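Student: I'd like to ask some things about the structure below.
The values are calculated or read from the model by the stated rules, or taken from the named source; none is laboratory data. In this text, all values refer to a predicted model and were calculated from it rather than measured experimentally. When we count neighbours, we look across all protein chains shown, and the Cβ atoms used for this are built from the backbone with ideal geometry, even at glycine. Heads up: the accessible areas ignore ligands, DNA and RNA and are worked out on the full protein's heavy atoms, side chains in. Shrake-Rupley method; radii C 1.70, N 1.55, O 1.52, S 1.80 Å.
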Amino acid sequence: MSKFFYAVTRGSKIGNGTAQALIAWLESYINILFPENGIEYWNDNRYAKAPSLKKDALIPETGREDKCVHHVACYVRQGSCEGRIIHVQFVLQDGTHAELTWMKTFGNAEESWAIAEAISDALESILIWREIPEIVDLGKMLPRQYAWHRETSYKLPITMRSTKDSIQITGADGHAFYAQDWKDQGINAKFYVESRVKDWLTVLKNTGATFSHENLAVA
């Protein structure tokens, strides 16, 4: 299990399955996990040559064929002038490397490598295990003044209430951001609750929300 996310949904395709959709998802994912990150921009390979993936290219699947993904490779190198470059590549079964994107960042080495690790974890979850992290969708449930803002525009206190089989997240004005229960999962419901609570705590903290958590499961 990743240390960056906990709740997952079955699936192996982001949006329409293109490189552009996956890069946009990864950018949202990193902005939630590292709201103060030093990334200046994400490259979309518009000027790169094959096998780099253009924005409308479909993400290769895992499998045994030559052009299927064997594993994910994410690494950091020093920039040619300043800053660092974070590369995100798919290593295919035939040994070629198809670059998804690279990022120019002015973050320090520790942050840059942590971002590379977080991206690797997410892509392995999606492509290898066919499980999409929910943390990006959870983050989108909080309002922002502009879509690219990393901080929520909701300034009233938010309360997360969790029981042994459910979660509710509401604002002080009564607005319901999230409500879910897993009663049908029986004794396994607690695992669904625990994973969502952990991801919601990350989202609420990293978007600057004022919040409290009432754990009614232990009341």
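Student: Inside the stretch 24-49, can you point out the residues that are more than 16 Å from VAL88 (Cα to Cα) and in contact with an Asp or Glu (Cβ under 8 Å, 6 or more places away or on another chain)?
Tutor: Listed by number, the residues that qualify are PHE34, PRO35, ASN37, GLY38.
Student: Looking only at the stretch 63-96, filter to residues that are in a loop (DSSP other than H, G, I, E, B) and open to solvent by less than 80 Å² (accessible area, probe 1.4 Å); which one of those is farthest from ALA118 (Cα to Cα)?
Tutor: Among those that are in a loop (DSSP other than H, G, I, E, B) and open to solvent by less than 80 Å² (accessible area, probe 1.4 Å), it is ASP94.
Student: Name the pairs whose Cβ atoms lie under 7 Å apart, with the first residue in the stretch 190-209 and under 18 Å from ILE30 (Cα atoms) and touching a residue at least 60 places away in the same chain (Cβ under 8 Å), the second surrounded by 16 or more Cβ atoms within 10 Å (Cβ to Cβ) and among the charged types (D, E, K, R), and 6 or more positions between them or separate chains?
Tutor: Cβ pairs passing all conditions: ASP199/GLU134; THR207/ARG150.
Student: While we're on this one: Which of the strands (runs of 3 or more DSSP E) contained wholly in the stretch 127-172 include at least 2 residues that are under 30 Å from THR62 (Cα atoms)?
Tutor: The qualifying strands (runs of 3 or more DSSP E) are 131-133.
Residue by residue, here is whether (1) of a type in the set (A, V, I, L, M); (2) out of contact with any helix residue (DSSP H, G or I) (no Cβ under 7 Å at 6 or more places or on another chain); (3) crowded, with 16+ Cβ neighbours inside 10 Å holds:
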site: LEU123; (1), (2), (3): yes, yes, yes
site: VAL136; (1), (2), (3): yes, no, yes
site: ARG150; (1), (2), (3): no, no, yes
site: SER153; (1), (2), (3): no, yes, no
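Student: Let me ask something additional. Filter the stretch 37-54 down to the residues that are without any contact (Cβ under 8 Å) to a residue 12 or more places away in the chain and among the charged types (D, E, K, R), then identify the one that is least open to solvent (accessible area, probe 1.4 Å).
Tutor: My answer is ARG46.
Student: Out of the stretch 16-36, which residues are among the small types (Gly, Ala, Ser), open to solvent by 30 Å² or more (accessible area, probe 1.4 Å) and over 23 Å from SER195 (Cα atoms)?
Tutor: Selection gives ALA24 alone.
Student: So, one more: Report, by residue number, each residue of the stretch 1-60 that is modelled with pLDDT under 95, of a type in the set (Phe, Trp, Tyr) and assigned to a loop (DSSP other than H, G, I, E, B).
Tutor: Listed by number, the list holds a single entry, TYR47.
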